Structure formats: structure tokens, C-alpha cells
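Here is the structure we will look at.
The values are calculated or read from the model by the stated rules, or taken from the named source; none is laboratory data. Since the model is a prediction, treat every value here as computed from it, not as a measurement. FYI the Cβ positions are ideal-geometry reconstructions off the backbone, even for glycines, and counts take in every protein chain you see. Calculation scope for accessible area: heavy atoms of the full protein, side chains included, ligands and nucleic acids excluded. Shrake-Rupley method; radii C 1.70, N 1.55, O 1.52, S 1.80 Å.
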Amino acid sequence: MNQALATDIAIRNAIIDLERVNVTFGGEKNKTVALAETSLRIENGEFVALVGPSGCGKSTILKLVAGTLSPSEGHIFVTGREIGANDVRIGMAFQNPTLLPWLNIRDNVMMPLKIVPPFKRDFARKKSGEYRDRAEALLAKVGLSGFGDKFPWQLSGGMQQRASLCRALIHDPTLLLLDEPFGALDQFTREELWEIMQTLWIERRPTVLLVTHDLKEAAYLATRICVMQARPGRIIDDSVVPFARPRTIDVSFQPEFVSLTQRLRERIVAARAVHEVQP
């Protein structure tokens, strides 16, 4: 395969492409560099985790990709076109489930079908049939069969987060953005949801960008892990996760897994130490 053809194929397959992106806030006298010059390419179907200390720019990258924040310099391409130039079907889940308290769980899950093209065109006609069935099937996948008529306040935090994942996936997004969706949960619930998230990704293969502080979570879920340094944030390590799927919690106790997470931790600590001694 010649180089030009290989490059063309890579461009077509790239879902996210950040080119020398920089984000600064404030004026010259009080300027804060939130994200130093950063480039990142994520191919179709990859599951990429961003890890690093608080304030390093992980969520800034997520906002840039979502189109809710504009770069100060550089370019962002999503599905081959500059951000804002075309509609991209995006699913999002956050640390807090953000479910609407006046809607039952089923209606919360179906909300993207009501507002996202092309589903919204048929919502009134299909909400009691096809769309309801789609929501119930997803709820069953995450262990919430029979809970569609319950309200968010009637569910535990872990159950609400399961419903939040269903809402993020119900409209078959091209791109799934996850901002610490398991961070507020206890360890056992987190591990249950890692397994569920992995299963959903294997079955649906959206392109996923995950922000997390948990190196074990990143290594369990991701195909690549990008380590970021403290502000000004930038990517200082980009590692492939070599473990076969489906992964189980048992793999996290294997020497290769522990070695990977420990190396990434040392990379973060070393970068933080350098940052702290700079004038």
C-alpha cells in the first residue's frame, strides 16, 4: 500500500483529530494556559482513556470534542470535518447521572430519541412501540429490567448510572464521551459497571473518549491510555492496552496489568514533580 493511500484511509477512519490545539483563558496579564499545544488522533471504534491529575485538561479536551468549548489555537476534526461543520451523533455520561426527576427511568432513557435527528422526526409515532422496546432492551442489558416505570429518586446511585449509560447509547452515537461516569460509586459497583460498559462497547463499537482518575479503570476499559501532565495540560504518554477481551477483574491482578498501571502512575508523579519545581 502506498503512503498516500495509507494516509487517506487513516483520515477517513479518524473520528477525532486534534491538531496542535491550545486553550487559554483570561487576558495577557492574567492568562491561564489550560491546555498546551496538544495533538490527538482517535480512530473509528477505539476506546481511549485520558488520565492525569486534577486540572490537567482532561475535561477541557472532552469539551473541545463535544463542541462546547472552542480552542484558542489549532484545529479539531470530528468524523473528518472541522468541529461545527457537520452534525455528529454524540452520547454523553457524567459523574452525576443528571436524570430528570419528573420523568420515569424509561422516559429519561428515551430522551435523546425525542431531540436527536433522525429519531425525533418519528418520536410521536414510535415512542409507545419501537422506541419503548429499544429502551427496555437496553435497560435489560444493564440489569434494570422492570425498572422503567420507577423514578430516579427510587433507584440507587449505581442504578441511576446504569440508566444514564442507556440514555447515552440509545440513539446509537458515533462518539461516546464519558466524564468520570463511575467516579462517585463504590468499588464493587464501579467494577460491575466496568463489565457492563465493556460489554456494550464490544456489542456496539462506538468510538469512546473516557476521562478518569482511575488507572485501573482505564486499563480495564480502554484500548489506549493517554497520560496528561498538570497544567498547562498536554499529553505526555500514549500507551496501547494489550490485554485481550473480554476482560475480567481477575486480569487486574496479573503482573502485566499491575506493571502497566504502575508505569503510568510513575509517569504522572514524575511529570507533577517537574511541574512543581519550575519557577
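List of remarks:
- If a spin label sat at a point 7 angstrom from the Cα of Glu256 along the line to its beta carbon, no backbone N atom of the stretch 172-207 would be nearer than 18 Å.
- Accessible carbon and sulfur surface of the chain relative to its total accessible area, %, 1.4 Å: 51
- Kirkwood hydrodynamic radius over Cα pairs of the stretch 207-257, then Stokes diffusion coefficient at 10 °C and 1.306 mPa s, in µm²/s: 132
- Paramagnetic label zone (point 7 Å from Cα along Cα-to-C-beta, Glu203; backbone N under 19 Å) in the stretch 136-168: 136-149, 159-168
- Positive dipole terminus of the chain, leading residue within Ala218, Val109, Pro255 (C-beta point charges): Val109
- Structure-based [θ]222 nm, the chain - -39500 (n - 2.57) summed over DSSP H runs of at least 4, per residue, nearest 500: -12000 deg cm²/dmol
- Take the Cα of Arg272, step 7 Å toward its Cβ, do the same at Thr174, and the gap between the two points is 3.7 nm.
- For Lys63, the accessible surface of its heavy atoms amounts to roughly 110 Å² (probe 1.4 Å, protein chains only, rounded to the nearest 10).
- Taken along the Cα-to-beta-carbon direction at a fixed 7 Å, the label points for Asp122 and Trp153 span 3.6 nm.
- Dimensions (Å) - the chain, Cα atoms, principal axes, largest first: 60, 50, 44
- The H on the amide N of Gly91, modeled in the peptide plane, is under 5 Å from the matching H of Leu175, Leu176, Leu177, each at least 5 residues off or on a different chain.
- Rounded to the nearest 20 debye, the dipole size of the stretch 160-245 about its Cα centre is 220 debye, using +1 on the Cβ of Lys and Arg and -1 on the Cβ of Asp and Glu.
- In order along the stretch 89-94, phi translates into HN-Hα couplings of 6, 10, x, 9, 9, 10 Hz, rounded to whole numbers, per the Karplus curve 6.51 cos²θ - 1.76 cosθ + 1.60 with θ = phi - 60° and x for Gly and Pro.
- Cα shape, the stretch 81-164, gyration tensor, a/c 1.5 rule: oblate
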